[in-house]
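Encoded as structure tokens, the structure appears first; notes follow it.
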Amino acid sequence: MPSAGPARRRRCSPTGVARRQGRRARSNRRRKARARVANLHRRVRRQRCDHAHKTADWLAAHHDVICHEALRITNMSRSARGTLDQPGSRVAQKAGLNRSILDAGWGVFLSILTAKAESAGRELIAADPRNTSRTCPSCGHCAADNRVAQAEFRCLRCGLDTHADLVGAVNVLRAGLARRDAAAAAWREATASRRWRSHGCMHTRHPGAPNARPGRAGLVCYGNVIDVTSARAPASLAWIALGVVYVLWGSTYLANRYIILTVPPLTAGAYRFLVGGLLLGIVVFAVAGTRAFRMTAAQFGTTALSGLLLPAWGNGLVVIGQQHVASGLTALLIASVPLHIVVLRALTGDRPRRATVGGVAVGVVGLAVLVLSGPSEGAGGVFGNAWWGPWVVLLAALGWATGTFATTRLPVPPNPFALAAVQMLTGGVIMLVAGAAAGERLDLAAVTAESWWAWAYMAVVVSLGAFGAYAYALAQLPVSTVATYAYVNPVIAVVLGVVIAGERFSAMHLLGGAVVLLAVVLVILAERRAPDRRGALAASRS
């Protein structure tokens, strides 16, 4: 019998068997590792798909129009390096961005969102993403240097300082809505033109048909954010609106002084907010319909809470304090609202800048001077000069600050005018109940003409005109610019009190008021240089 060859002896030897077993064990381990990785990827894919479905469901349920970036998904897998003849620029940044977009599954999410938006009857608009994070939403200036860092945006022209993603989102939304309006105008013109030609006329467009502005439609055909931003209303209108805010809100303290001469303070404020809220609600209903008043339970809770803190607590205590405090001094004390907001932010975990803390410290000194200076000749309120009057006004300022701070941290309705209308109605009802509980009785025969005119001015002109001007200015100008009313309004109130009501102030009162205004200026300037701060600095008004 022939003997086994060398190869067979090696395979049958203990060493050969051990090698084969080792290779099988390593192969099994690799197969199991690949299976674990595959299971992990399937789990991550299911989780991402679930998140995409839930996010798309929420967007389709809460928004009628959804604008998104028209990203070219197929180009995301291409190399950002370019060629030897034309090398790419900023290769690392582009490659990292492409990987992030692909890893997030943007194409899958957009497909899901498209299907859900179509089934829910929502509009999905794609906007050109070019320059959306470089173009200032306030002045329209577009430059690469506006992007100071990946997450920081600072306009070189107007000084707008905010988060770059917020700028991109605002510009994408604005470009999408402009494209939608242009398409609707073009469709109306085409419809009117067909209707006019069907009557046998030679004209190509009905003279009364809305002008679709073909040039404008061409600009926004692909959501060109630069042309849309630069085509906004003139900046002079925004500054006029801000001037209206200065004058109207600065005159509220003097108007309150004349109202409470013959009308109980809580009752006067209650009917003012009820009438103002009702008028604003009618305007919102006429313009936006009942959809504007749709709120979730959380949004309505925030609205009711802000109605308690802003109109009821804030304005109610102001008119009570004005019975013993001059209107100008009241305005100077209310100017401390931004200081209260900074303190509330610090208590909730935010870490203000050192300049902000220094401004608050200066403001505390100014408030101490105002409160502890005591009465002066001619500086009293309507019914005298009680020691507790300034403290009540400071408590009202705390209510304003708390309400303003709460609306920046809690869910609110998407329509700000509907929010303000429900706020005023809620505050009016609370003040009416509080006035009745306090024993206030309105004697119409005793109300003077001055009180009637002042009350009508507050209920109609201030409640409608001031808030509309404030909303327009806030949409056109930087927030830090609009926030300047916090220290302009007190100056106007002091001037009106001296000129019209004959109020007089001591030197200490003027010094304390100047210190408070200086503190507010320091805080607003410090926050203007902070790119990502939550919570508005200026008080909300109704």
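Data overview
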read-out	value
Cα pair distances exceeding 16 angstrom across region 30-76, given as percent	64 percent
Long-range amide H partners of Glu69 with built H, under 5 Å	Ala127
Chain lengthening between Val499 and Cys49 when straightened (0.36 nm per residue, less Cα-Cα)	155.3 nm
Cut-off 12 Å between beta-carbons: net charge of the residues surrounding Pro265, Lys and Arg +1, Asp and Glu -1	+1
Where only C-alpha atoms are counted, convex hull volume of region 283-322 per residue in Å³	62 Å³
Spacing of the two label points (7 Å from each Cα toward its C-beta) at Val365 and Arg294, in nm	5.4 nm
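Every number here is computed from the coordinates shown, using simple stated rules; none is lab data. All figures in this text were calculated on a predicted structure; none of them were measured in a lab. All Cβ positions, even for glycine, are placed from backbone atoms using ideal geometry, and neighbour counts span all protein chains on display.
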